[in-house]
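Single-structure report; data block below.
The values are calculated or read from the model by the stated rules, or taken from the named source; none is laboratory data. Here the structure is a predicted model, which means the values were calculated and not measured. Neighbour counts run over all protein chains shown; Cβ positions are idealised from the backbone, glycine included.
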Amino acid sequence: MNEVIVKKEAIEVPAVTRQMCDDFLFTAGTKLNEQQKLMFYNLALQFNLNPFKREIHAIPYGQGWNFVTGYQVYVARAEATGLLNGWSTESIHSVGKYNEESDLTGARITIYRKDWDKPFVWEVALAEFDKGTSTWKNMKEFMIKKIAIGQGFRLAFPNELGGMPYLKEELEDLTLDNQKTPIREPKAKSQKIQAKGEPISEAQRKRFYAISKTTGATDEQIKDWLFREYEIEHTKDITRDIYEEVCQKVKEGLGDMREPGQEG
């Protein structure tokens, strides 16, 4: 199914300060050395990335840290230029017998700019990024579309997005290839969480979902945040001992993703 975003007018992005970055690094408990902190400051200030809205955050990378952003930031910055005239993504499937679509092989993004006569089209191959981790197994189509969005928008808006932090999904691939170790071990984290408490009730799941939806996030964005922050793939795997913490942090983690004029 295609995902289509209609054009928007240019918007003003509030300024990010070094104090804002300090407050985030302190409250998040990210253990960066001085050189890594300086890199974080430089990226956040240069590209005006708000860490509290998860526009930039640090992830373990080998023996150190790397800095990543989300695909929503690319879209928002492209919209802020006033030149974005719509975009869409679609999955690519191989053709089986009788010309019927079969296995997923990649994703394609089409981006329209007001100052370009023709749309920009970019494709990414699933085989280049899918390493068989639990995230890719459960959200294969969503993950490969995010890769297409990240690469496509950087290429279509090189002046505005060139040098921006990459998506976590892109760096996970590089980490697995170059260092042969994942950024984090989902299985070990999941076992730790399961050992600490009982799963939440159905009523608690519904409350978490309701809180999450006040941000305007889609179901896929909520699932992506939950896995990114807690390595939890489904809301039924949230345990009672961390439930209140998860509910408290989800609105901060997702920010306000509602469309202009959309009520909570």
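So for the range 113-130 (the condition being closer than 24 Å to L226 by Cα, out of contact with any Cys (no Cβ under 9 Å at 6 or more places or on another chain) and acidic (D, E)), does at least one residue qualify?
The answer is yes; a qualifying residue exists.
Looking at T133, is it of a type outside the set (K, R), assigned by TED's automatic domain parsing to the domain that holds T110 and at pLDDT below 80?
yes
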Take R77 and decide whether it is modelled with pLDDT of 95 or more and crowded, with 18+ Cβ neighbours inside 10 Å.
no
Selection within the range 120-134 - out of contact with any helix residue (DSSP H, G or I) (no Cβ under 6 Å at 6 or more places or on another chain) and over 13 Å from E90 (Cβ atoms):
A125, A127, E128, G132, T133
Residues in the range 90-119 that are modelled with pLDDT of 95 or more and of a type in the set (S, T, Y) total 2
Between S102, S134, S94, which is loosely packed, with under 13 Cβ neighbours inside 10 Å and in contact with an Asp or Glu (Cβ under 9 Å, 6 or more places away or on another chain)?
S94
Name every residue in the range 1-35 that is touching a strand residue (DSSP E or B) at 6+ places or on another chain (Cβ under 9 Å), modelled with pLDDT of 70 or more and surrounded by 14 or more Cβ atoms within 10 Å (Cβ to Cβ), in order of residue number.
F24, L25, L32
Name the pairs whose Cβ atoms lie under 6 Å apart, with the first residue in the range 198-218 and assigned by TED's automatic domain parsing to the domain that holds E245 and crowded, with 17+ Cβ neighbours inside 10 Å, the second aliphatic (A, V, I, L, M) and in a helix (DSSP H, G or I), and 6 or more positions between them or separate chains?
S212/I222; S212/V250; T215/L254; A217/L254
Got at least one residue in the range 54-65 being crowded, with 18+ Cβ neighbours inside 10 Å, under 22 Å from the mean Cα position of the chain (by Cα) and at pLDDT 90 or above?
no
Of (1) modelled with pLDDT of 85 or more; (2) assigned to a loop (DSSP other than H, G, I, E, B), Q262 satisfies all except one. Which?
(1)
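Which one of these is modelled with pLDDT under 85 and in the same structural domain as K53 (by TED's automatic domain parsing): L174, L167?
L174
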Would you pick out the residues in the range 43-87 that are of a type in the set (F, W, Y), farther than 21 Å from K251 by Cβ and touching a residue at least 60 places away in the same chain (Cβ under 8 Å)?
F47, Y61, F67, Y74, W87
Over 30 Å from K114 (Cβ atoms) and modelled with pLDDT of 80 or more: which single residue out of L38, L45, L84 fits that description?
L38
